[in-house]
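Chemist: Can you keep this structure in mind? I'll have questions shortly.
The values are calculated or read from the model by the stated rules, or taken from the named source; none is laboratory data. Keep in mind it's a predicted model, so treat the numbers as computed, not measured. Every residue, glycine as well, gets a Cβ built from its backbone with ideal geometry; the counts of neighbours run over all protein chains shown. To get the accessible areas, we keep the full protein, side chains included, count just its heavy atoms, and leave off ligands, DNA and RNA. Shrake-Rupley method; radii C 1.70, N 1.55, O 1.52, S 1.80 Å.
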Amino acid sequence: MQPIDPNNDTATSFVVLGASGKLAKEKIFPALWALYRDNRLPQGTRIFTYCRTKLHTRTFRLTCAPYMDLDPERDPPKFNIFWTTVHCVQGQYDQADDYVALTEAMVRQETKHNQVYANRIFYLALPPITFDHVTLNLGRMCKSPLGCTRIVVEKPFARNDLTFKPYQTLLCQSFKESQIYMIDHYLSKQISQNLFGLRFANNLWSETLNNRHVAAVLITWKCEKPVKDHAEYFNFYGIIRDVMTNHMMQLLALVAMDKPYSNTIDDLRDGRLKIFKDVVTPDMGDVIIGQYRRSETDPEKMGYTEHSYIPKDSMTPTFAMVVLHIKSRRWSGVPFILRAGQAMNDTKIEVRMQYKSVACDEGNSKDLDIRNELVLRLVPFEEIFMRLRLKQPGEELCLKEAALNLRVDERDT
Ligand SMILES: NC(=O)C1=CN([C@@H]2O[C@H](COP(=O)(O)OP(=O)(O)OC[C@H]3O[C@@H](n4cnc5c(N)ncnc54)[C@H](OP(=O)(O)O)[C@@H]3O)[C@@H](O)[C@H]2O)C=CC1
Ligand SMILES: O=C1O[C@H](COP(=O)(O)O)[C@@H](O)[C@H](O)[C@H]1O
């Protein structure tokens, strides 16, 4: 996709399908607002909601506002104008006529903007069960006749290979490959991108992230909260399909990929794809799955199947751990340990690269078997640090653990 050009005057219709849901309210509308606030949306952009629920901008803005990080001093006038660009369309996902109504709504705004040439972006903030109908109808009824058309699909794309194939076929029949964006929002996180920056722009790490120096890579996705939001979806897909095969695998690819030929989208994608091809299919002996049950110490913390909204006989895993191996010159012999869970002891998302132990005879260091670790943490707050050993202050040559913290926030210079 071309970089956003705020001076571009072309009419652009951005349609959020499934706008009544959590993703739209918590992530997509806040992102659209942030772009608008910072003058980074093309001027002719109009936003459309499309879902079965009847939405009104008046009330929908109240639903989204808590996630929009509003500055009460600065934002209100612009925030009001932002909402004048939003138009709500109600429709079923399987009714062709409703898509005709969506197109009419887009055309009305595009024409107001005095443009026949208009770009259209369709963002599927929807569960996969709706994908077939939505893709087919958008492809038939809503594409831009003269401008660009894009369709953005959120993971998970299906339950497995078998169910993905027919959808892939339908998607490719309805849209050209260049129009399709199957996205993973973890790739856009600052820390994920830093994995890349840190590795390839610093000799220290570009030279040491390999099987000569690294003992193991640990990728953790832990959430303290029990399953509640989108429980029906979660119960059908489970933790592996929710975060492991997508977000965590993308993090793994960013840790493991070789330096791409260039930083273009295609070369970056090819670099990650090579890693996915090199990952050895895990042995079931290298996989642990589990489901949380009632806490023995805190009766408030219910078991997964005790929630009223989860079937009593559910076997859906809420925890999974897998040890993956990559068959490449750089990484063979290094286990990549992925673990993910809901209702865990705390909330943490991080990548931890554990270096091999150093044979060290310094005084009292036997008690201190600390491996160097490079840690990139995404949650609860973004940080990058390296665990090291340093000499303790004083006359004796004793070691202590220390951390080298790298500031990653905006105040950095
Ligand atoms: N929430 C998040 O942070 C993230 C979510 N995703 C993915 O994005 C997609 C949407 O997520 P999210 O917003 O949380 O999902 P929701 O469960 O909130 O669903 C979004 C909307 O889809 C419609 N919908 C829900 N279930 C059905 C159904 N069975 N049949 C038809 N329509 C349905 C509803 O709209 P209505 O009834 O009004 O039509 C609902 O408001 C999911 O595939 C999810 O995996 C990806 C990354 C992050
Ligand atoms: O895809 C998903 O990701 C969110 C977590 O995203 P984050 O950006 O807040 O880390 C997760 O809560 C949700 O279950 C899953 O579907």
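Chemist: Kindly indicate which of ILE219, ILE183 is among the β-branched types (Val, Ile, Thr), surrounded by 13 or more Cβ atoms within 10 Å (Cβ to Cβ) and in contact with a helix residue (DSSP H, G or I) (Cβ under 6 Å, 6 or more places away or on another chain).
Modeler: ILE219
Yes/no per residue for (1) surrounded by fewer than 15 Cβ atoms within 10 Å (Cβ to Cβ); (2) modelled with pLDDT of 90 or more; (3) in the same structural domain as LEU198 (by TED's automatic domain parsing):
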{"position": "ALA359", "(1), (2), (3)": "yes, no, yes"}
{"position": "ILE370", "(1), (2), (3)": "no, no, yes"}
{"position": "LEU378", "(1), (2), (3)": "no, yes, yes"}
{"position": "GLU383", "(1), (2), (3)": "no, yes, yes"}
{"position": "LYS391", "(1), (2), (3)": "yes, no, yes"}
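To keep it simple, each residue is scored yes or no on (1) away from ligand 1 (no atom under 16 Å from the Cβ); (2) within 23 Å of the chain's Cα centre (by Cα).
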| position | (1), (2) |
| --- | --- |
| THR245 | no, yes |
| LEU273 | yes, yes |
| GLN291 | yes, no |
| LYS301 | yes, no |
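Listed here are the residues, each with its yes/no results for (1) out of contact with any Lys or Arg (no Cβ under 8 Å at 6 or more places or on another chain); (2) charged (D, E, K, R); (3) open to solvent by less than 60 Å² (accessible area, probe 1.4 Å); (4) not assigned by TED's automatic domain parsing to the domain that holds THR49.
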| residue | (1), (2), (3), (4) |
| --- | --- |
| MET106 | no, no, yes, no |
| THR135 | yes, no, yes, no |
| CYS148 | no, no, yes, no |
| VAL152 | yes, no, yes, no |
| GLN173 | yes, no, no, no |
| PHE196 | yes, no, yes, yes |
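Chemist: Related question: Could you list, in sequence order, all residues of the range 1-26 that are within 22 Å of GLN179 (Cβ to Cβ), of a type in the set (Gly, Ala, Ser) and modelled with pLDDT of 95 or more?
Modeler: SER13, GLY18, ALA19, ALA24
Chemist: Separate question: Go through the range 111-129 and give me each residue that's farther than 22 Å from ALA158 by Cβ and in a loop (DSSP other than H, G, I, E, B).
Modeler: Matches in the range 111-129: HIS113, ASN114, GLN115, VAL116, TYR117.
Chemist: Within the range 217-225, identify whether any single residue is touching a His at 6+ places or on another chain (Cβ under 8 Å), within 16 Å of ligand 1 (Cβ to nearest atom), closer than 24 Å to GLY341 by Cα and touching a residue at least 40 places away in the same chain (Cβ under 8 Å), and answer yes or no.
Modeler: yes
Chemist: Sticking with this one: Residues that are closer than 24 Å to ASN211 by Cβ and either of a type outside the set (Gly, Ala, Ser) or modelled with pLDDT under 95 (or both): does the range 312-321 have at least one?
Modeler: yes
Chemist: Still on this structure: If only one of ASP266, ASP270, ASP313 is open to solvent by 70 Å² or more (accessible area, probe 1.4 Å), in a loop (DSSP other than H, G, I, E, B) and free of Cβ contacts under 8 Å to residues at least 40 places away in the same chain, which one is it?
Modeler: None of the other options fit; the residue is ASP313.
Chemist: Looking only at the range 84-104, how many residues end up being surrounded by fewer than 17 Cβ atoms within 10 Å (Cβ to Cβ), closer than 12 Å to CYS142 by Cβ and in contact with a helix residue (DSSP H, G or I) (Cβ under 8 Å, 6 or more places away or on another chain)?
Modeler: 2
Chemist: Now for a different question. Please state which one of ASP132, ASP98 is in a helix (DSSP H, G or I), under 18 Å from VAL16 (Cβ atoms), free of Cβ contacts under 8 Å to residues at least 60 places away in the same chain and of a type in the set (D, E, K, R).
Modeler: When all the criteria are applied, what remains is ASP98.
Chemist: Right, next: Which one of these is under 13 Å from VAL351 (Cα atoms) and among the charged types (D, E, K, R): LYS222, LYS259?
Modeler: After ruling out the rest, the residue left standing is LYS222.
Chemist: Just one of the numbered conditions (1) more than 22 Å from the chain's Cα centre (by Cα); (2) open to solvent by 60 Å² or more (accessible area, probe 1.4 Å); (3) among the hydrophobic types (A, V, I, L, M, F, W, C); (4) within 14 Å of ligand 1 (Cβ to nearest atom) is not true of LEU70; which one?
Modeler: (4)
Chemist: Among the numbered criteria (1) open to solvent by less than 10 Å² (accessible area, probe 1.4 Å); (2) in a strand (DSSP E or B), which one does ILE337 miss?
Modeler: Failing condition for ILE337: (1).
Chemist: Can you name the number of the only condition in (1) over 23 Å from THR281 (Cβ atoms); (2) away from ligand 2 (no atom under 16 Å from the Cβ); (3) not in a strand (DSSP E or B) that ASP346 fails?
Modeler: Unmet condition: (2).
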